[in-house]
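Structure, as structure tokens:
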Amino acid sequence: MKFSTKKTLVAAIALTAVAGPFAASSAFADDGEPSPWLVRVRMLQVMTQQGNDAGGGVPADSVKVANRTQPEIDVSYFITHNISAELVASYPLSHQVQVNGNYIGGFQELPPILNLQYHFDGMGNFVPYVGAGVMYMRTMNVSLAGGALGLQQNNWGEDVQLGADYKLDNHWLLNADIKKTWVNVGLDNSATGATILQLHPDPYILGVGVGYRF
């Protein structure tokens, strides 16, 4: 995705999320919909891909960022009956890093995701949805190769999403969700700050959990 397209997408989703509460409040009051707020708690499996450019004597696709399992919470606001904005939050994820199977250290990252979603009708309590949006990955507490290597701190990417809710009643629901993300992270020389190569972890994020519609 080109940078200009990414900026347009970020702006559109941000404006939608900000304007949603004002645009939708009367609609929900008039048509008998439940509250537009939905909170989910999920257990996630973050499945990273083994991908990197060649550089600094490191072969292509030889760097592996380890997978991670941990809980997360997300909040959705229904702008209309079918359209919502979802913000996925999490505490920092810790990852180990290997090069050609050899452990070289680890780091933490904080990966909030903001998506615009469309929820489908006509399947009873089963409500599938699709989404797309942007992710921000902030790296921290980097300890690679004894401090000789660092990671670019602020990284932006895109994602697409497929999921489904199953309504248990007017408030509670079960959820399953999968996201595919694309993000590049620079691997730097700590002494000079020069970028050695680009990592492409591009994780799949699988989640299952429960939700509550207020």
Practice problem: Would you mind finding the one in ILE113, ILE79 that is at pLDDT 95 or above, farther than 24 Å from MET137 by Cα and within 21 Å of the chain's Cα centre (by Cα)? | Solution: ILE79
Exercise. Within segment 82-125, count every residue that is open to solvent by 70 Å² or more (accessible area, probe 1.4 Å) and free of Cβ contacts under 8 Å to residues at least 24 places away in the same chain.
Key: 5
Quiz item: On the given criteria, is VAL183 out of contact with any helix residue (DSSP H, G or I) (no Cβ under 9 Å at 6 or more places or on another chain) and within 30 Å of GLY55 (Cβ to Cβ)?
Solution: yes
Quiz item: Taking segment 151-189, which residues are of a type in the set (S, T, N, Q) and under 17 Å from the mean Cα position of the chain (by Cα)?
Solution: GLN153, ASN154, ASN155, GLN161, ASN175, THR181, ASN184
Practice problem: Among the candidates ASP202, ASP169, single out the residue that is touching a residue at least 60 places away in the same chain (Cβ under 8 Å) and charged (D, E, K, R). | Solution: ASP202
Practice problem: Mind listing whichever residues of segment 146-167 are among the small types (Gly, Ala, Ser) and surrounded by 14 or more Cβ atoms within 10 Å (Cβ to Cβ)? | Solution: GLY150, GLY157, GLY163, ALA164
Quiz item: Do we have any residue at all in segment 194-203 that's open to solvent by 70 Å² or more (accessible area, probe 1.4 Å) and in contact with a Lys or Arg (Cβ under 8 Å, 6 or more places away or on another chain)?
Solution: no
Quiz item: Which is at positive phi and modelled with pLDDT of 95 or more, of ASN141, ASN154, ASN189?
Solution: ASN141
Quiz item: Is it the case that some residue within segment 48-68 is within 21 Å of ALA176 (Cβ to Cβ) and in contact with a Lys or Arg (Cβ under 7 Å, 6 or more places away or on another chain)?
Solution: no
Practice problem: Go through segment 47-68 and give me each residue that's part of a strand (DSSP E or B), open to solvent by 20 Å² or more (accessible area, probe 1.4 Å) and either closer than 22 Å to SER190 by Cβ or modelled with pLDDT of 95 or more (or both). | Solution: MET47, VAL58, LYS64
Quiz item: If we keep just the residues of segment 128-150 that are assigned to a strand (DSSP E or B) and more than 24 Å from LEU87 (Cβ to Cβ), which is nearest to the chain's Cα centre (by Cα)?
Solution: VAL142
Quiz prompt | Given (1) assigned to a loop (DSSP other than H, G, I, E, B); (2) modelled with pLDDT of 95 or more; (3) closer than 22 Å to ASN175 by Cα, index of the condition SER35 fails | solution = (2)
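The values are calculated or read from the model by the stated rules, or taken from the named source; none is laboratory data. If you're wondering where the values come from, they're calculated on a predicted model, not measured in any experiment. Heads up, the Cβs are rebuilt from the backbone with ideal geometry, glycines too, and the neighbour counts pull from every protein chain shown. Only protein heavy atoms, including side chains, enter the accessible area calculation; ligands, DNA and RNA are left aside. Shrake-Rupley method; radii C 1.70, N 1.55, O 1.52, S 1.80 Å.
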